[in-house]
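Trainee: Below you'll find the structure I mean.
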Amino acid sequence: MKLPIENQLSKILRKPSQEVRDFNDPKLKKLIQDMFDTLKATPNGVGLAAPQVGESLRLFIVLLPKFQGVFINPKIEKISGEVLTQEGCLSVPKIWGEIKRAKEVEISAYNEKGKKFKMKSKDLLAQIFQHEIDHLDGILFIDKAEKIFSEKK
Ligand code: CO
């Protein structure tokens, strides 16, 4: 699956995504598998939202060395604290930004079987949750960044 960059995909990246309604749709399973394959093949990728691969659906995945997960129709339930951190995005290559994010976030979401769950997170995982949920609302980190860099600092 290709990862189109912002200007090629700007319409999908910029519009709010649709909720997933049919958890039994085989296309959903395939999309999730394709997204993991794509993210695994992408150096430094830790999260990927469906609009980044051209599907305007409220779904993202996380792939960290010790944790991976699928989050469908996610919603931020609670946030607390604030950190100034650095972010990049696979859809906005070669740009990094300094950005304020909540330090701790609790989200609710559905898994690929349609079961609802809640998850607490802090630091990097909380940052990924906020970044990916922004994607589902058509928001990119460059919209919120206080400073933009052309090199990773
Ligand atoms: Co991104």
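The values are calculated or read from the model by the stated rules, or taken from the named source; none is laboratory data. Please read all numbers here as calculations on a predicted model, not as lab measurements. FYI the Cβ positions are ideal-geometry reconstructions off the backbone, even for glycines, and counts take in every protein chain you see.
Trainee: When you check Ile148 against the structure, is it surrounded by fewer than 20 Cβ atoms within 10 Å (Cβ to Cβ), assigned to a strand (DSSP E or B) and in contact (Cβ under 8 Å) with a residue 24 or more places away in the chain, yes or no?
Mentor: Yes; evaluated as a whole, the condition is true for this residue.
Trainee: What number goes with the only condition from (1) over 18 Å from Phe36 (Cα atoms); (2) touching a strand residue (DSSP E or B) at 6+ places or on another chain (Cβ under 8 Å); (3) β-branched (Val, Ile, Thr) that Val92 does not pass?
Mentor: (2) is the only condition that Val92 fails.
Trainee: With respect to Ile32, determine if the residue is more than 15 Å from the ligand (Cβ to nearest atom) and touching a residue at least 12 places away in the same chain (Cβ under 8 Å).
Mentor: Taking the combined requirement at face value, the residue satisfies it.
Trainee: In addition: Among the candidates Ile99, Ile95, which residue alone is within 13 Å of the ligand (Cβ to nearest atom), over 16 Å from the mean Cα position of the chain (by Cα) and in a strand (DSSP E or B)?
Mentor: Answer to the check: Ile95.
Trainee: Given the options Asp137, Asp123, name the one that is at pLDDT 95 or above, within 16 Å of the ligand (Cβ to nearest atom) and surrounded by fewer than 15 Cβ atoms within 10 Å (Cβ to Cβ).
Mentor: Asp137 is the lone residue from the list that is at pLDDT 95 or above, within 16 Å of the ligand (Cβ to nearest atom) and surrounded by fewer than 15 Cβ atoms within 10 Å (Cβ to Cβ).
Trainee: When the residues of the range 77-104 are narrowed to those that are under 28 Å from Lys11 (Cβ atoms) and in contact with a helix residue (DSSP H, G or I) (Cβ under 6 Å, 6 or more places away or on another chain), which ends up surrounded by the fewest Cβ atoms within 10 Å (Cβ to Cβ)?
Mentor: Among them, the one singled out is Val92.
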